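Here's the structure, in structure tokens; my notes come after.
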Amino acid sequence: MRIFGRAMEEDEPDERGKVFNWTREKRIWVHLTAFLVFSVLIHGSGFYLFKVVYPSPTRIEPEPDGIMVMKSDDPATRTLLQRLSDRTIFLMPPSAQAKERVRLEEHGVRFTPAFQKAEPALLPPASTAAGPGLPEPLPASDPGQGSTALRVRLDPGLASRPLAPWSILHDYLALAEELPAAKVTFQIAPDGGVKVDEVEAALEVSEKRQLATVIESTLRFLPSADPARGWIELGGG
């Protein structure tokens, strides 16, 4: 029997090279089970203590484009439209929470016409060559001989409608090197605006239209209750 049992043991293959020898090392089952239980407890405790949750997927529906109709009888709408039409809304001082405040008196609004390109410049000297002796003063110019005063002649019948202080026609014409001889007939609106009716001059149609545009945009009269009609003559020079 011993010989037979020894033969059986010799025929049995050696299983020591395997990872787990389940038939002989029964303690591996205990160790593996304890490890799994410990791992489950550790992970469960971590999820419970740190409140590990997975956010549920949310889908944001796109909002369709729409148009909101603002009623003119709504006080809030009228207030908004008045603020949008106010040209000085951006010059208002900031709220009390701002660190820097803008003073309106330091940033005055100055009207500058887009068509007027006048820049101050120094007049060139009469002569750069040094002459002998003391320089003599230039002779006084006669104001009656100036060509600027003879360039513009307004209708005497418009004495009751004086020019407005913001009328810049004379300043604009003073910058021109020469003026064509022309007579312009126009109408004066109650607010002081001018509408040209006819331009009598030896000019092209485009030049007449350009001259009428200049007069309509620069000539202004003081407001009055009634409209008026008159003319203005431009002398050649």
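Residues of region 160-173 include at least one that is surrounded by 10 or more Cβ atoms within 10 Å (Cβ to Cβ), assigned to a strand (DSSP E or B) and either in contact with a helix residue (DSSP H, G or I) (Cβ under 9 Å, 6 or more places away or on another chain) or modelled with pLDDT under 80 (or both).
Yes/no per residue for (1) in the same structural domain as SER160 (by TED's automatic domain parsing); (2) under 18 Å from GLY157 (Cβ atoms); (3) not basic (Lys, Arg):
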site	(1), (2), (3)
GLU178	yes, no, yes
LYS183	yes, yes, no
ILE188	yes, yes, yes
VAL199	yes, no, yes
LEU203	yes, no, yes
GLN210	yes, no, yes
LEU219	yes, yes, yes
ASP226	yes, yes, yes
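Looking only at region 31-65, which residues are part of a loop (DSSP other than H, G, I, E, B), among the aromatic types (Phe, Trp, Tyr) and more than 48 Å from the chain's Cα centre (by Cα)? The answer is PHE50, and nothing else. Taking the criterion of being within 20 Å of ALA164 (Cβ to Cβ), in a strand (DSSP E or B) and of a type in the set (Val, Ile, Thr), the residues of region 183-236 that qualify are VAL184, THR185, ILE188, VAL194, VAL196, ILE232.
The set of residues in region 211-226 being of a type outside the set (Asp, Glu) and surrounded by 13 or more Cβ atoms within 10 Å (Cβ to Cβ) consists of LEU211, ALA212, VAL214, ILE215, SER217, THR218, LEU219, ARG220, PHE221, LEU222, PRO223, SER224.
The values are calculated or read from the model by the stated rules, or taken from the named source; none is laboratory data. All values reported here derive from a predicted model rather than from experimental measurement. In this analysis, Cβ positions are derived from the backbone assuming ideal geometry, glycine residues included, and neighbour counts consider all displayed protein chains.
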